[in-house]
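What follows is a single structure, written as structure tokens, with notes after it.
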Amino acid sequence: MKQMNWNELPHAGSILKAGNANEYKTGSWRSLKPRWIEENCIQCLFCWIYCPDSAVSVKDEKMTGFDYDHCKGCGVCAMECPGKKGNKAIVMEEEGK
Amino acid sequence: MGATTTKIVAVTGNQAVAEALRQLNPDVMPAYPITPSTGIMESFTKFVSDGKVDTETILVESEHSAMSACIGASAAGGRVATATSAQGLALMWEMLHIASGYRLPILMALVNRALSAPLNIHGDHSDGMGMRDCSWIQLFSENAQEAYDNTIMAYRIAEHKDVRLPIAVNMDGFIISHSIESMTFIPDAEVKKFVGDYIAIDPLLDIDHPKSIGALVLPDYYMEHKRAQHEAMLNAKKVISDVSAEFARLFGRTYDLFESYRLEDAEVVLVALNSAAGTIKDEVDRYREKGVKAGLLKPRVFRPFPYEEVGAALKNAKAVCVMDRADSYGGYGPLFMEIASAVQPHRGPVLFNKVYGLGGRDLMPLDVDQLIDETIEVAKTGKAKMIKEYITVRN
């Protein structure tokens, strides 16, 4: 993203485009990465509800994976995941592993 | 020159400013009363109760909340005003920076009063000087007429598209706010025409265009924001001159960035803000009659400070006594520091600094005479005995 000069900023530095946080990639902040284990997933969508960064991808009301461009690796999804019969559907793994 | 502005009235400074605010008819006026500015809100809330204005007043629980409400209302897209003094302004301090950083043209009537401690309710400039670095435009007013006129001009300056910064109109607590003077009001219709409608830039209540203000800005953009703010303050100087010239053309009273009183050929010059200038003018006249080339420079605009113009006006003087009604403890008085910066590029006069009038202590004509005598002496010897000194203090 090209950075603006001081005289190119919108008035008062206001953010005039709704939802433009999507353009700001925060995935590189991550040290732990969530991994989805589909066979343990009951599609309760708790991960989607709890994710503070809208980084859980959902299609046709089904969890389909993670948006790693924005996931900061906070681990809330893994914490909340009830899994199936005691087996988590989301686990946190170290980046680069 | 407007011929319709002839009605002379006798009012206090507070009433004069309240009348200006009635004519400006802001959308929202959040305030928390504090002496000596209370009279402004007292008069103004009466206008509201009597249906003379469309303003929504918000009586909040503190000045911090007052300025917060100003910011909210202004960001929403309203024309907003408030009034305060001393500790009230001090409590607003955090929010003053938010108002200017959001570039909201909020109008504040600041009735200057000494900051505690010791607790004191009378006039000095310690409150106004405390907001020096808050990126508010600061206008100072010698008397009720100037406070009224500055208030009438304030929105035109603050709301100019090249400026969009908040503005504070200062006048001396009690000396002006509570003293009755004769002055002239401009007819309502002419004020309305002069000030015009307010068109907010990117207001939050424009719900078809959702937006965010006040987002987190990290080192990659913070300086660009501040650079833009600096530019707005630089632009304000020309806008103030232009608006003042238009005001003079329409209403016949002339203002500029500062007032030069018998300054053209002056060799000994006093510099002072606000009401003290009235006393000094009388004494300058008396010394002129005795053949002394005395003069006064009275800054009207303290932020943005007109360094080049003040420097040019003072460069031919021999000695300049800068009078501060506030102190920067451990430094020179705040006005002195500005005058020294303004004169610095020139091989200018000898400067010295007197701190006077703190906590409402009177400045009598005899005190001014002593200052002029000392300035004459400094002009003769080319040397000031003490750069900074408190006057009218018991030794």
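The values are calculated or read from the model by the stated rules, or taken from the named source; none is laboratory data. Since this is a predicted model, take the numbers as computed values, not measurements. Reconstructed Cβ throughout: ideal geometry from the backbone, glycine too, with neighbour counts over all protein chains shown.
Side notes on the structure shown:
- When each of B:K293, B:K211, B:K226 is tested for being in contact with a strand residue (DSSP E or B) (Cβ under 8 Å, 6 or more places away or on another chain) and either in the same structural domain as B:H97 (by TED's automatic domain parsing) or more than 21 Å from B:V343 (Cβ to Cβ) (or both), the lone residue that passes is B:K211.
- Restricting attention to the stretch B:213-229, the residues that are within 9 Å of chain A (Cβ to nearest Cβ) and either assigned to a loop (DSSP other than H, G, I, E, B) or more than 17 Å from A:E8 (Cα to Cα) (or both) total 6.
- Hits in the stretch B:307-329 - residues which are closer than 18 Å to B:V393 by Cα and either out of contact with any strand residue (DSSP E or B) (no Cβ under 9 Å at 6 or more places or on another chain) or in a helix (DSSP H, G or I) (or both): B:S328, B:Y329
- Taken together, the residues in the stretch B:180-212 that are within 17 Å of B:F251 (Cβ to Cβ) and either of a type in the set (V, I, T) or at the interface with chain A (Cβ under 10 Å from one of its Cβ atoms) (or both) amount to 4.
- Check on B:D188, farther than 30 Å from A:L16 by Cα and either out of contact with any His (no Cβ under 6 Å at 6 or more places or on another chain) or surrounded by fewer than 17 Cβ atoms within 10 Å (Cβ to Cβ) (or both): yes
- Checking A:T26 against (1) out of contact with any helix residue (DSSP H, G or I) (no Cβ under 9 Å at 6 or more places or on another chain); (2) of a type outside the set (A, V, I, L, M, F, W, C); (3) farther than 30 Å from B:R103 by Cβ, the condition it does not meet: (3)
- Residue match in the stretch A:78-97 (condition: part of a helix (DSSP H, G or I), more than 14 Å from chain B (Cβ to nearest Cβ), hydrophobic (A, V, I, L, M, F, W, C) and surrounded by 11 or more Cβ atoms within 10 Å (Cβ to Cβ)): yes
- Single residue of the stretch B:43-74 satisfying the filter (among the charged types (D, E, K, R) and free of Cβ contacts under 8 Å to residues at least 24 places away in the same chain) that is surrounded by the fewest Cβ atoms within 10 Å (Cβ to Cβ): B:D50
- Filter result (surrounded by 14 or more Cβ atoms within 10 Å (Cβ to Cβ) and within 31 Å of the chain's Cα centre (by Cα)) within the stretch B:202-216: B:D202, B:P203, B:L204, B:I213, B:G214
- Candidate set from the stretch B:232-280 (those that are among the basic types (K, R) and more than 30 Å from B:Q370 (Cβ to Cβ)); member that is surrounded by the most Cβ atoms within 10 Å (Cβ to Cβ): B:K237
- Residue match in the stretch B:107-123 (condition: surrounded by 24 or more Cβ atoms within 10 Å (Cβ to Cβ), touching a residue at least 60 places away in the same chain (Cβ under 8 Å) and over 20 Å from B:A326 (Cβ atoms)): yes
- From the list B:I339, B:I387, the lone residue that is closer than 22 Å to B:I240 by Cβ, among the β-branched types (V, I, T) and touching a strand residue (DSSP E or B) at 6+ places or on another chain (Cβ under 6 Å) is B:I339.
- Residue within the stretch B:222-235 that is hydrophobic (A, V, I, L, M, F, W, C), over 23 Å from B:P105 (Cβ atoms) and touching a residue at least 12 places away in the same chain (Cβ under 8 Å) present: no
- Residue match in the stretch A:16-29 (condition: among the polar types (S, T, N, Q), in contact (Cβ under 8 Å) with a residue 12 or more places away in the chain, under 29 Å from B:H225 (Cβ atoms) and within 14 Å of another protein chain (Cβ to nearest Cβ)): yes
- Among the residues of the stretch B:154-170, at least one is in contact with a Gly (Cβ under 8 Å, 6 or more places away or on another chain), at pLDDT 95 or above and farther than 25 Å from A:S14 by Cα.
- Condition met for B:A73 (of a type in the set (A, V, I, L, M, F, W, C), out of contact with any helix residue (DSSP H, G or I) (no Cβ under 7 Å at 6 or more places or on another chain) and assigned to a helix (DSSP H, G or I)): yes
- Residue check for B:G77: surrounded by fewer than 24 Cβ atoms within 10 Å (Cβ to Cβ) and closer than 22 Å to B:I213 by Cα: yes
- Qualifying residue in the stretch B:365-375 (condition: over 18 Å from B:V284 (Cβ atoms) and of a type in the set (D, E)): no
- Taken over the stretch B:356-384, the criterion of being out of contact with any Phe, Trp or Tyr (no Cβ under 8 Å at 6 or more places or on another chain), over 28 Å from B:R113 (Cβ atoms) and in a loop (DSSP other than H, G, I, E, B) is satisfied by B:G382, B:K383.
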